[in-house]
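A.B. asks: Have a look at the structure that comes next, please.
The values are calculated or read from the model by the stated rules, or taken from the named source; none is laboratory data. All of these numbers come straight from a predicted model, not from anything done at the bench. Neighbour counts are summed over all protein chains in view; Cβ atoms, including those assigned to glycine, are modelled from backbone coordinates with ideal geometry. Calculation scope for accessible area: heavy atoms of the full protein, side chains included, ligands and nucleic acids excluded. Shrake-Rupley method; radii C 1.70, N 1.55, O 1.52, S 1.80 Å.
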Amino acid sequence: MSSTSPVSRQDPQLDVGSAGPPAAVRFLRFWTDPVERLLDRIYGSKWNPFYQSGNLAVLFFLVSLASGLVLFLWYHIADPYGSVREIHEGLPGGAWLRSLHRYSDDLAVVAIVAHLVRKLLQGHTWGPRALAWISGVVLLLVTLFCGWTGLVMVLDVQGQGIAITGARLLDLLPIFSEPISRSFSGEVPPASSFFFMALFLHVALTLGLGALL
């Protein structure tokens with residue numbers, strides 16, 4: 001008769017030993033468990049947004065992609081801020097469409113973070129699930145970078161501050177003949193090459209993620 005205990009037949013990822021889960025995991029569960037229970041009461045376990053965070057991330061990303069393709073037709077790198085004003089004033093529903101594009105991207109980031117937290121709490125970060133975990137972290141970083149380029153392309157007060165920081169970092173690389181950060185000092189007009197690069201990365205990375213999804 002086998003003397004193997006039921007505990008030894010459990011999933012190794014669920015068998016945390018007598019010491020229990022790590023302190024960091026216990027800390028996260030202290031905050032996430034009440035939220036999960038509350039969402040279960042509101043939506044039921046099947047439609048709990050925390051359990052569907054991966055699907056929600058894809059949904060919000062696709063909404064951002066579709067709305068961004070429309071805005072792309074109205075954007076001009078020669079006059080970034082002017083083209084944004086044209087979208088608001090000249091395009092019917094332009095302000096609503098731009099808000100949809102902006103906040104769907106924000107919600108995609110929130111959903112990705114929630115999905116990563118849930119997988120971290122479940123221990124799905126190593127072994128056969130390591131590739132899925134790494135790809136999720138990369139997806140979050142790429143999405144954040146796409147959001148950064150999108151804010152730069154607006155060139156409002158916030159976008160200008162972000163652009164100056166990014167331009168100073170680019171000045172450290174031997175890419176441009178003159179410092180790009182001078183373009184935002186008011187001495188010379190902003191370089192179109194900077195906005196072309198931001199637009200190219202913003203569109204190319206987004207389309208690349210959409211193709212992979």
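A.B. asks: Is the shape of segment 63-160 best called rounded, prolate or oblate, per the rule: a/c under 1.5 gives rounded, else a/b larger than b/c gives prolate, else oblate, with a ≥ b ≥ c the square roots of the Cα gyration tensor eigenvalues?
C.D. replies: It comes out prolate by the Cα gyration axes.
A.B. asks: Between beta-carbons, use under 11 Å as the cut-off and find the net charge around Leu121, counting Lys and Arg +1, Asp and Glu -1.
C.D. replies: +2
A.B. asks: Then there is this: To the nearest 0.05, how large is the calculated FRET efficiency for Ala24 and Phe200 if R₀ is 30 Å and r is the Cβ-Cβ distance?
C.D. replies: So, using R0 = 30 Å, E works out to roughly 0.15.
A.B. asks: So, one more: Largest first, how would Val110, Val117 line up by accessible area (1.4 Å probe)?
C.D. replies: Reading off the accessible areas and sorting them downward yields Val110, Val117.
A.B. asks: Just the accessible area for Trp148, please: 1.4 Å probe, Å², rounded to the nearest 10?
C.D. replies: Rounded to the nearest 10, that gives 80 Å².
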